[in-house]
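Asks: Structure in structure tokens, see below.
The values are calculated or read from the model by the stated rules, or taken from the named source; none is laboratory data. Bear in mind that the values here come from a model prediction, so they are computed numbers and not experimental data. Because the Cβ atoms are built from the backbone with ideal geometry, glycine has one as well, and the counts that use them run over all protein chains shown. All accessible areas refer to the heavy atoms of the entire protein, side chains included, with ligands and DNA or RNA removed. Shrake-Rupley method; radii C 1.70, N 1.55, O 1.52, S 1.80 Å.
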Amino acid sequence: MAKVQFLDFWAPWCGPCKITTPIVKELEKEFKEVEFKEINVDEEPALATQYGVMSIPTFIVLKDGKESGRKIGAMPKAELKKLLD
């Protein structure tokens, strides 16, 4: 089974990030086999650069360390869920 990670790039001052945080928390409860990581771009700018994050929120799904999906901006739960299906 592939190791799946869900990376959530955000910042405390980001309005759209505040909207999506509860949605990501719901997904975390539904997808117990997925490792969810919140990455504050202010505290980890090198990681944001490594993944080419230019806007936040940015959501990246990695399967066995390789990017399998990416979504940028606030969106409904159904859209974010598609990254994990």
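Asks: Out of region 32-46, which residues are open to solvent by less than 50 Å² (accessible area, probe 1.4 Å) and either within 17 Å of Pro16 (Cα to Cα) or over 13 Å from the mean Cα position of the chain (by Cα) (or both)?
Replies: Ile39, Asn40, Val41
Asks: Looking at region 1-30, which of its residues are under 15 Å from Leu62 (Cα atoms) and open to solvent by less than 30 Å² (accessible area, probe 1.4 Å)?
Replies: Val4, Gln5, Phe6, Leu7, Asp8, Phe9
Asks: Exactly one of (1) out of contact with any strand residue (DSSP E or B) (no Cβ under 9 Å at 6 or more places or on another chain); (2) exposed (fewer than 14 other Cβ atoms within 10 Å of the Cβ) is unmet by Gly65. Its number?
Replies: That leaves (1) as the condition not met.
Asks: Could you grab the pairs with beta carbons closer than 6 Å, sequence gap of 6+ or different chains, first residue in region 28-53 and under 22 Å from Ala78 (Cα atoms), second one open to solvent by less than 40 Å² (accessible area, probe 1.4 Å) and of a type in the set (Ser, Thr, Tyr)?
Replies: Taking only residues 6 or more apart or on different chains, not a single pair turns up.
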